[in-house]
Amino acid sequence: MLSRGRSRLDARWASPFNFGSKLVENLDGWTNGLIVEDHDLSDAIAVFSNSGGHISAPGVDIRSALADGPDSYGELFGTSMAAPYVSGKIALMQTHFPALSSLDIVNCLLANDQETGIGTLKLDAMQTTTFCRGM
């Protein structure tokens, strides 16, 4: 439960892309449209994160460029900060393992034993790489 007594929003209702990803997953058994949740520095799911995602990445107090000017930086939060961790790891995996399919890479991302407090898998770059090396 959130601090105001609200339940977390199921990720499939958070955007049409999430809904489509969950729909394809239910129909075909897999999806390459990963839904990203975010967690904080203590690896707890962020209080503002949706639930029901596929993977979680750091998304709280992430240093980022701001629109205030060319030298403006600040701490931001949300899945907009977490998703680049996941997409960056996917890009690295495609570069280092070009023979792997999209499904293989998704399976590598999801093949770890690290979880958030609500059971969502956490992005673990080392475990992902180790798993893919064995494919």
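Data table
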{"read-out": "Some residue of region 49-56 being in a strand (DSSP E or B), buried (at least 18 other Cβ atoms within 10 Å of the Cβ) and either modelled with pLDDT of 90 or more or within 11 Å of the chain's Cα centre (by Cα) (or both)", "value": "yes"}
{"read-out": "Filtered residues of region 104-129 (kept if touching a helix residue (DSSP H, G or I) at 6+ places or on another chain (Cβ under 9 Å), in a helix (DSSP H, G or I) and over 12 Å from HIS54 (Cβ atoms))", "value": "ASP104, ILE105, CYS108, ALA125, GLN127, THR128, THR129"}
{"read-out": "Residue ID - surrounded by the fewest Cβ atoms within 10 Å (Cβ to Cβ), chosen from residues in region 57-80 that are acidic (Asp, Glu) and part of a loop (DSSP other than H, G, I, E, B)", "value": "ASP71"}
{"read-out": "SER21 being of a type in the set (Gly, Ala, Ser), at pLDDT below 90, closer than 28 Å to CYS132 by Cα and part of a helix (DSSP H, G or I)", "value": "yes"}
{"read-out": "Selection count where residues are under 15 Å from HIS54 (Cα atoms) and exposed (fewer than 15 other Cβ atoms within 10 Å of the Cβ), scope region 85-101", "value": "1"}
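The values are calculated or read from the model by the stated rules, or taken from the named source; none is laboratory data. Bear in mind the structure is a predicted one, so any value in this text is a computation, not a measurement. Every residue, glycine among them, receives a Cβ derived from its backbone with ideal geometry; neighbour counts consider all protein chains shown.
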